[in-house]
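Q: Attaching a single structure in structure tokens format; questions to follow.
Any read-out appearing in this document is the output of simple, stated calculations on the displayed coordinates, not a laboratory observation. Note that this is a predicted model, so its numbers are computed, not measured. Cβ atoms come from the backbone with ideal geometry, glycine included; neighbour counts cover every protein chain shown.
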Amino acid sequence: MSFENFGIVSFTAETKASDFVSYLEKGQVMATRCRKCGTNYFPPRMDCSKCLSSDVEWFEIKGEGKLVTYTVVNYGPTGFENDAPYTLAIVDFDKVRVFGRLSKGIKEGDIKPGMKLKVLPVRLPGDRIGYEFQRV
């Protein structure tokens, strides 16, 4: 699957990190790590902004993460208008901080910083794929 099938709205069909979508298809949410300086990236980057190396490797984000912060989006930007309201979150995993959507199955009143979450690929309408945070 190519990158144009990632997410609800994709503004690009080509990217150096298109393998991200292939990994999602296999059930893995991946990040990248610079082999030269060890900096981890999510979303994945194929070029390190810290040391400018292009020698990166993929690693899977798995296990439990902790919710750092979140916000409820009531008025979505272009392409996301029909999805609102939805919750965006930042979750700390062992080696990387991840930004994404919280599952709509988690009620707003139950969301608490520090809560344990996992990140999983999800199927979206129109044969698209994405990822979201779910309760552990």
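Q: What is the local net charge at Ser53, summed over the other residues whose Cβ is closer than 10 Å to its Cβ (Lys, Arg +1; Asp, Glu -1)?
A: Summing Lys/Arg as +1 and Asp/Glu as -1 gives +1.
Q: Counting helices only, and only those DSSP H runs with n ≥ 4, report the 222 nm mean residue ellipticity of the chain as the sum of -39,500 (n - 2.57) divided by its residues, in deg cm²/dmol to the nearest 500.
A: -1500 deg cm²/dmol
Q: For Asp55 and Ile129, what is the calculated FRET efficiency with R₀ set at 30 Å and r taken between the beta-carbons, to the nearest 0.05? Please report the intermediate quantities before stating the final value.
A: On the way: r = 28 Å, r/R0 = 0.92.
Efficiency computed from Cβ-Cβ geometry: 0.60.
Q: For Leu124, what residues show an amide H to amide H distance below 5 Å, using hydrogens built from the backbone and excluding near sequence neighbours?
A: Residues meeting the amide H criterion: Ile129, Gly130.
Q: By how many nm would the segment from Val73 to Arg97 lengthen if fully extended, with 0.36 nm per residue of separation less the alpha-carbon distance?
A: That pair, Val73 and Arg97, stretches by 6.6 nm at full extension.
Q: Among the lysines, which fall within straight-line cross-link reach of Lys95, defined as a Cα-Cα distance under 26 Å, with same-chain neighbours fewer than 8 residues apart omitted?
A: Excluding near neighbours in sequence, the set is Lys16, Lys26, Lys36, Lys50, Lys62, Lys66, Lys104, Lys112, Lys116, Lys118.
Q: May I ask which residue of Trp58, Gly76, Thr39 lies farthest towards the positive end of the charge dipole of the stretch 14-84, with charges of +1 (Lys, Arg) and -1 (Asp, Glu) on Cβ and the Cα centre as origin?
A: Checking the options against the dipole of the stretch 14-84, the answer is Thr39.
Q: Which whole-Hz ³J(HN,Hα) couplings does the stretch 30-35 yield from phi under the Karplus relation 6.51 cos²θ - 1.76 cosθ + 1.60, θ = phi - 60°, glycine and proline marked x?
A: For the stretch 30-35, the Karplus-derived couplings read 10, 10, 10, 9, 6, 6 Hz, x marking Gly and Pro.
Q: Still on this structure: Starting from 0 in steps of 5 Å, tell me what percent of the Cα-Cα pairs of the stretch 3-135 lands in each bin.
A: 2, 10, 19, 21, 20, 17, 8, 3, 0
Q: Could you pull out every residue, at least 5 positions away or on a different chain, whose amide H is within less than 5 Å of the one on Val29? Hs are placed 1.01 Å off N in the peptide plane, and Pro or chain starts have none.
A: Ile61
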